[in-house]
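Everything on this sheet refers to the single structure shown next.
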Amino acid sequence: MLESWFTVSLESAELTLSHVLLTVGVSVLAGLLISYTYMRTNPGYSQGFILTMVLLPVVVAIIILLIGSNIARAFSLAGAFSIIRFRSAAGDPKDITFVLLAMAAGLASGVGAFAYGMLFALLLCLLMFILHVVRYGRSKSEQRLLKVTIPEDLNYEEAFADVFAAHHVRYELQKIRTTELGSLYELVYQVTLDGKTDRKAFLDGIRCRNGNLDLSLTMTPVRAEY
């Protein structure tokens, strides 16, 4: 009985309502599983991305069902999709991985490999949960952006070098710009904070040096570009 679930026929067949409903149902379940895994492993998720994770397997499965083994349909569909242009920047590599997983689940459902699609989705989601729980690959230090406003008479070259050294913070000055009609400078640093760094004491040291002017420290790590 179990072996029959994993037996897939790759021969083309006519579409039936029951087959389409089964394909859509399995695709939705796979999308819900993948999106739930993403929500549990990414606290800062957006609703739009979660809805995309649910619908993407369904869309891919429907496309595969409509194409079947018809080469003319495949070329026509490729021409239609070539018109679409996406202007959004590439996201986090982890997000791209979830997108590919959702597409793979939809592809498996579209070709009728329902059991394989759900099995692979379940195994990969379970693996992602385990890696998230054990914090696999997570660095002990994190890069953040620090923006500091200083008066124009303060030397920005080494203004906070001793404060960074006292708190064992590595830094790189990335941008300088003037504000308030040139009466103030805004410095943008990329800083690397150790897990043991006292952030409050560090920011207090910066405030004492810049005269209690504006400063901000991002709470999320700076994403690396790939």
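The values are calculated or read from the model by the stated rules, or taken from the named source; none is laboratory data. Here the structure is a predicted model, which means the values were calculated and not measured. Cβ sites come from the backbone with ideal geometry, for glycine too, and all protein chains shown count toward neighbours.
Annotations
Matching residues to (1) under 15 Å from Asn210 (Cβ atoms); (2) in contact with a Lys or Arg (Cβ under 8 Å, 6 or more places away or on another chain):
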{"residue": "Pro151", "(1), (2)": "yes, no"}
{"residue": "Asn155", "(1), (2)": "yes, no"}
{"residue": "Ala161", "(1), (2)": "yes, no"}
{"residue": "Ala165", "(1), (2)": "no, no"}
{"residue": "Val169", "(1), (2)": "no, no"}
{"residue": "Lys175", "(1), (2)": "no, no"}
{"residue": "Thr179", "(1), (2)": "yes, no"}
{"residue": "Glu186", "(1), (2)": "yes, yes"}
{"residue": "Gly195", "(1), (2)": "no, yes"}
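- Scanning region 161-182 for residues being part of a loop (DSSP other than H, G, I, E, B) and surrounded by 13 or more Cβ atoms within 10 Å (Cβ to Cβ) gives a total of 3.
- Any hit, region 116-125, residues being hydroxyl-bearing (Ser, Thr, Tyr), outside the structural domain of Leu32 (by TED's automatic domain parsing) and at pLDDT below 90: no
- Scan region 141-178 for residues that are touching a residue at least 12 places away in the same chain (Cβ under 8 Å), of a type in the set (Lys, Arg) and farther than 14 Å from Ile206 by Cβ and the total you get is 2.
- Pro93, sole failed condition from (1) in contact (Cβ under 8 Å) with a residue 60 or more places away in the chain; (2) surrounded by 12 or more Cβ atoms within 10 Å (Cβ to Cβ): (2)
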